[in-house]
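Working notes, beginning with the structure itself.
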Amino acid sequence: MYIKTSCLYLLMVVFSLFFTQPVYSFQKIDKDSLKYYENKVINAKHKDDLIEAFGFFVKTKDQFLKESNYKDAIFTLHQIARVQNQLGFFYDSEASTIEALKLLDAFPKMKNATPNRIVIYNHLGLIYRNLLDYDKAINYYQKALDIVQTDIQKKHLKNNKAYALLRSGKLDLALKEYQALITVVATEEDSPDKARVLNNYAIVKGKLNQPDAISYFNQALEMRENLDRKTEIIGSHIDLSNYYNDSGSLVKAKQHAITAYNLAQGSKNSNIISETLDLVIGLKTDAEVLLYKHISDSIEVANLLTDGKYTSKKYDLGQLEKQASANLLQAEKEKYLKLIYAYSAALILILAFVGFFITRQRHKRDKQLEIYNTELRISKKVHDEVANDVYHLMNKFQQSTTHPDSILDDLESVYEKTRDISREYHDINVTENYQELLKDFISNYQSPETNILIKGVSKINWEGVSETKKITIYRVIQELMTNMKKHSSATIVILDFKKQGRKIHVQYTDNGVGSNLKKQNGLLNTENRINTINGSITFKSQINQGFSALIIV
């Protein structure tokens, strides 16, 4: 039966494509045409209406796809799927619907994407209900409910989901859904939707043997008769026939079956006529008729379930493959990121090592430069201060008139100068009593002409300061004091020590003659010393306005 129907369907398609060539195939498709053929699908009076609409929508779909008009292509695919479903070609209807769903997935930001997705999910639910795959139908109705946008849509979808629960035998769940829907439609005016909810609620109650089921059946039938919904009136008589048949009232069951059959003949709808005729035949008690009915139903169900690999399963598999590809791509990205991080870390380590090596070499070079400058200064001091005095003494010795006391005085002066030079450049022990060492050496520059004030030195915890810093502070202050002694003629010198955070600040100030800050060897040496330990020194001076320096280490 199913194979014959498929062949008939193919013949109808051929007929629609080759013998119903309308003018729209080479013209711009207008909205009125779409509405006209959509109405033919909704209110089809004969299969010819469906076939004509099918031919139109197949051609318009192809044209919309060529024009990249995916929104209208989805609409036409849905109409094609509706025709296929009404003609009983459920798998073809499923394939068309899934094609529309794929277009939605490809263009998620399309206008009206969500309403279209709701319609498609609802239609898939209808298809799987017809294919007796109720779990899949319920799943798609729920997907639509998850994104529903209006109360009317929500009511329709809940009714469809509840009906799928009913057909699947999950009566308690179906009853719960319909009880909620009955509350919703109770205050509404009579409508096809309200009648449908009442009728389905009655079916559930009848299956559960609840005695008030018949009252809801009658309410639904009366409402449909008042609304003159002929097809739905036939549906009510079919459901009443089944209800009375299940409850053992065969006479009433046959009455409603015959009424449904007679009304169906008046509708001239072959599908409805076939369904009602099956109902009438099924109520006959002849053994041959019962056997035929049983075999016919078995064959129909078997045909529906022959192909277990639905298009939606292929679609779901495609979605899984897409997700797997995305996961694989993400894993590759993470792998490359890890490699980048590893190479970056290695590069940073190399640069750090190179930087450390360069800094160490620079520090070593600066140390060597400092030693060289120190040696140069010692040499210059010995030459300028000691050697000249020794030469002067030698001349005195050669003069017979020179008094010995005068020579002794000169020798004592030479001794004091060499002692000062030795003290200035000797190794410094800064591990113990640094505070006293600092005070002692600064006080050596005190004289009747120069008064030196030391502030804050005792407030600093010198034991927590590195030896390198202490030596640098000592030498820089020594250079400043020597410079003051030689050039400034200062009467007051102030050294102010402070700890600010992790840094030591030493403010040197004198009231000497000042200068234009042309840095000679002495001041340059202090800068070099400070730079080697990443410190800073700032000089300020003007002629006749004193001299100051701020040391930060």
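Every number in this text was worked out from the coordinates using simple rules, so none of it is lab data. Everything numeric here is computed off the predicted structure, so don't read it as measured data. Using ideal geometry, Cβ is built from the backbone for each residue, glycine included, and neighbour counts are taken over all protein chains shown.
Annotations for the structure displayed:
- Estimated distance in nm for a label pair at Leu339 and Thr114, the labels positioned 7 Å out from Cα along Cα-to-Cβ: 4.3 nm
- Inter-site label distance for Asn43 and Ile454 at 7 Å from Cα along Cβ, in nm: 11.2 nm
- Taking the charge dipole of the range 199-277 about its Cα centre, with +1 at Lys and Arg Cβ atoms and -1 at Asp and Glu Cβ atoms, the residue from Ser274, Phe217, Ser247 reaching farthest to the positive side is Ser274.
- For the range 531-536, putting each phi into the Karplus relation 6.51 cos²θ - 1.76 cosθ + 1.60 with θ = phi - 60° gives couplings of 5, 5, 10, 6, x, 8 Hz, in residue order, rounded to whole numbers and with x for Gly and Pro.
- Under a model in which nothing but the beta-carbon of Lys, Arg (+1) and Asp, Glu (-1) is charged, the range 430-552 shows a dipole of about 400 debye around its Cα centre.
- Difference of contour (0.36 nm per residue) and Cα-Cα distance, Ser33 to Leu524: 167.3 nm
- Positive-end residue, the range 430-552 charge dipole about Cα centroid, Cβ charges, pick of Tyr474, Phe539, Ile454: Phe539
- Each of Glu449, Glu67 was scored by other Cβ atoms within 10 Å of its Cβ. Listed from fewest to most, they are Glu449, Glu67.
- Cβ-based net charge around Val148, under 14 Å, with every Lys or Arg adding one and every Asp or Glu removing one: +4
- Span from the the range 91-167 Cα centroid across to the the range 477-502 one, whole angstrom: 89 Å
- For Ile492, the residues whose amide H sits under 5 Å from its own are Asn451, Asn511, ignoring neighbours fewer than 5 places away on the same chain, with H placed 1.01 Å from N.
- The range 135-218: C-alpha gyration tensor shape, a/c 1.5 cut-off, then a/b vs b/c: oblate
- On full extension, the segment bounded by Gln255 and Asp228 gains 7.7 nm, given 0.36 nm per residue less the C-alpha separation.
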